[in-house]
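What follows is a single structure, written as C-alpha cells, with notes after it.
The values are calculated or read from the model by the stated rules, or taken from the named source; none is laboratory data. Just so it is clear, the structure is predicted and the values come from calculations on it, not from any experiment. Here the Cβ is made from the backbone with ideal geometry for all residues, glycine too, and neighbour counts use every protein chain on show.
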Amino acid sequence: MHAVDPAHFGNFTAGHWHAAESDQTRLDINPADVSDHIGDFAESGGPDAEVAVEAAENALPGWRDRGPIARAEILRRAGELLAQRRAEVAAVITREQGKRLGEARGEVDRALAILDFTIGEARRLNGVTTPAEEPRTLAMTFRRPIGVVGLITPWNFPLAIPMWKVAPALLAGCTAVLKPSPLTPLTAALLVQAFHDAGVPAGVLNLAQGDRPVGEALVADPRVTGISFTGSLPVGLAIQRAGAPRLLRTQLELGGKNALLVLDDADLDKATDAIVHGAFGQSGQRCSATSRVVVDIAVRDELLHRLTGRAAAMKVGPGTDPASDIGPVVAAERLTACLAAVEQAAAGGAKVVCGGTRATEGLPDGYYVHPTVLRDVPWDSEIAREEIFGPVLSVIDCDGFDDAIRIANSVEYGMSGTVFTRDPARMFEALERLEAGMLHVNRPGVGAYAHLPHMGTKASQFGPPECSPQVWDFYTEWRSACISY
C-alpha cells in the first residue's frame, strides 16, 4: 500500500488544505482490490463550494493583472514538478482508477504535453488591428479572461482532463474551482499540490472534493462565470438548463457511442489491432472508446475470427501486474451496468462470442469484467445506441459503404468516428459524411494530440473544443477598442 499524505484528504482553498465544513468524508477504494482503502476524503457540500468561489473571486484581480507570459512561467514550474513526480502520480492513478500502470504513465505524459502546449500559447493570446473608418484612429481587438470558472471533471482520466481545464483557465487569467470525481480525489489533489508548489498564488486554484451538491452549487453561484464539464449527457443537460437563466457560459463534453467502420477492402490485421486498443484499452472507459464495429458482411466472419481470438486471450488483472492486458472497471456500479447491458443485448438476439461475465478466478476482490464481444447486434438496439463505458464491444453488420455510414450516424452522439479502407475516395468521403468531431482513418479511433481540438458533434459537445487554440473561446472573451489620436 502506498503512503498517502493525510493533508490531501481534504479541500484546498485559499492556499490551505482543510476538511469539509460538515466534516463528512467518503471512502476512496482501489477498484482492483476493494480491501485496499486509500483514504477518507472530504465529502463537501454547497457551503464548501461557496468558500472556494469566494477565494477564487478575491484572487482574480491580482492573477488577471500578471499577464499571460508571467502566468506561463508559473505553469512551467508546475510541469517540471509533475514530471519529477511522474512515478508517484502514475501509481496513484492506477491504484485509484484501476487502469494499467503503463496507461497511467501515458496519462501523466499526456497531461504534461497538454500543459506544454498551453504554455506555448502564452505569446499567442493576441487580437488584431484593423482599419478604422475615421482618420487618425486605431481599431483593435484583444482578449480578457472571463473570471471565476468551475471545472467539473470525471474519473476516467483523473489527471489529463483536469489538466486540460486547469492549464488554459489559469493561463487565460481566470481563477478556478476544480471539482473532480469523488472516485478519484487523490489524483486531483496531487495535481493541485503541484500547481501550489510551483507558486500559483493562494485562491487562484481551489479544490472542492465531493459529488453532486458541489457541482450544483458552482453552477448556481452568480460569481462563477463559466462551467467546463466533462461527463454524461444527462448531467450536461442539467447544467445547461440550470445556468441558462443567468446566461452561464458552458463548455460541455458529453457522451459517445463511437463507431469504427471496417469496409470490404480493409486491412483486417490493422483493423483488429485498432479495435482491440480502442474497445478494451483502459477497460473501455473512454469517451472516444470504440464501442461499435460496423463491418461489411463480406469480411465479417474473418474479422470476428481475429477479434474474438485476441479478446479471449487478454489477461484480466490488477493494473500493477505487468502481465495484465486489461484492468478493472472503476466501481461496482460500472461492473453492474456492463453485465446488465450484455444480458439485455443477449435477450434481444445478440450473441455473446467472448466474455460477458465477471472475472474472479485468481484475482483479488475487485471490479473485473472479461473483455466482451457481441455479434449479430441490431443497429438500432439499445446496446448499439447507449454508452456503456466498459469493455463491451458490439459488432454490427452492414451491406456496403453507404449502409456503414448510415449506421454510424444513427446515434445521438458524435464523439469519434473511424474508417478502415484502402480506397482514397472512400476515406475522404467518410471524413465528409461521418457525424463525429474527431475522425480517424486506418488507425485507432482513440487518442488525440495536445494541439488538436478534443470535441464532438451532436449530443457529444456543446461549446468550444478543448486541447487546442480554440479553447480560448471559452476561457476568454473579446474586446474591441477604437483609439483616436
Could you say which residue among P180, P245 is free of Cβ contacts under 8 Å to residues at least 12 places away in the same chain and outside the structural domain of T308 (by TED's automatic domain parsing)? P245
Take residues that are under 24 Å from F280 (Cβ atoms) and not assigned by TED's automatic domain parsing to the domain that holds F157 and tell me which of the helices (runs of 4 or more DSSP H) falling wholly in segment 388-485 contain 2 or more. 401-408
Just one of the numbered conditions (1) under 29 Å from A172 (Cα atoms); (2) surrounded by 23 or more Cβ atoms within 10 Å (Cβ to Cβ) is not true of T94; which one? (1)
Name, by its number, the condition in (1) in contact with a helix residue (DSSP H, G or I) (Cβ under 8 Å, 6 or more places away or on another chain); (2) on the phi > 0 side of the Ramachandran plot that does not hold for L81. (2)
Which ones in segment 444-485 are in contact with a Leu (Cβ under 9 Å, 6 or more places away or on another chain) and closer than 14 Å to W164 by Cα? A450, P465, C467, S468, W472, Y475
Looking at segment 130-155, which of its residues are touching a Lys or Arg at 6+ places or on another chain (Cβ under 6 Å) and surrounded by 24 or more Cβ atoms within 10 Å (Cβ to Cβ)? P145, V148, L151, I152
Going by the structure shown, is R334 at pLDDT 95 or above, assigned by TED's automatic domain parsing to the domain that holds L393, among the charged types (D, E, K, R) and buried (at least 22 other Cβ atoms within 10 Å of the Cβ)? yes
Got a sec? Which of N126, N58 is assigned by TED's automatic domain parsing to the domain that holds E216, at pLDDT below 95 and surrounded by fewer than 22 Cβ atoms within 10 Å (Cβ to Cβ)? N126
Does any residue in segment 144-158 that is more than 14 Å from N206 (Cβ to Cβ) and in the same structural domain as A90 (by TED's automatic domain parsing) come within less than 7 Å, Cβ to Cβ, of a residue that is crowded, with 24+ Cβ neighbours inside 10 Å and of a type in the set (D, E) six or more places away or on a different chain, and which pairs are these? F157/E107; P158/E96
If the requirement is being surrounded by 17 or more Cβ atoms within 10 Å (Cβ to Cβ), free of Cβ contacts under 8 Å to residues at least 60 places away in the same chain and either over 27 Å from Y475 (Cα atoms) or within 21 Å of the chain's Cα centre (by Cα) (or both), which of these qualifies: I119, I114? I119
Pick from segment 413-460 the residues that are acidic (D, E) and without any contact (Cβ under 8 Å) to a residue 60 or more places away in the chain: which of them is nearest to G256 (Cα to Cα)? E435
Within the bounds of segment 388-403, is there any residue that is modelled with pLDDT under 95 and either closer than 25 Å to I93 by Cβ or not hydroxyl-bearing (S, T, Y) (or both)? yes
Which of the helices (runs of 4 or more DSSP H) found entirely inside segment 180-245 contain at least 3 residues meeting this: under 19 Å from the mean Cα position of the chain (by Cα) and of a type in the set (A, V, I, L, M, F, W, C)? 185-197, 233-243
Within segment 204-218, the count of residues that are out of contact with any strand residue (DSSP E or B) (no Cβ under 6 Å at 6 or more places or on another chain) and surrounded by fewer than 24 Cβ atoms within 10 Å (Cβ to Cβ) comes to 4
Counted residues in segment 329-357 being under 27 Å from the mean Cα position of the chain (by Cα), farther than 22 Å from D28 by Cβ and outside any helix (DSSP H, G or I) come to 3
Quick check: anything in segment 87-109 assigned by TED's automatic domain parsing to the domain that holds F41 and either more than 30 Å from S324 (Cβ to Cβ) or modelled with pLDDT under 95 (or both)? no
Considering every residue within segment 385-405, establish whether at least one is farther than 29 Å from G327 by Cβ and touching a strand residue (DSSP E or B) at 6+ places or on another chain (Cβ under 6 Å). yes
Can you give me the number of residues within segment 303-319 that are more than 16 Å from K351 (Cα to Cα) and either at pLDDT below 95 or surrounded by fewer than 13 Cβ atoms within 10 Å (Cβ to Cβ) (or both)? 2
Answer residue from segment 277-292, given it is in a strand (DSSP E or B) and not basic (K, R) and is surrounded by the fewest Cβ atoms within 10 Å (Cβ to Cβ) among those: T290
Among the residues of segment 8-47, how many are in a helix (DSSP H, G or I) and either under 24 Å from the mean Cα position of the chain (by Cα) or not assigned by TED's automatic domain parsing to the domain that holds L205 (or both)? 2
Within segment 395-451, considering residues that are crowded, with 17+ Cβ neighbours inside 10 Å and of a type in the set (S, T, Y), the one farthest from the chain's Cα centre (by Cα): T421
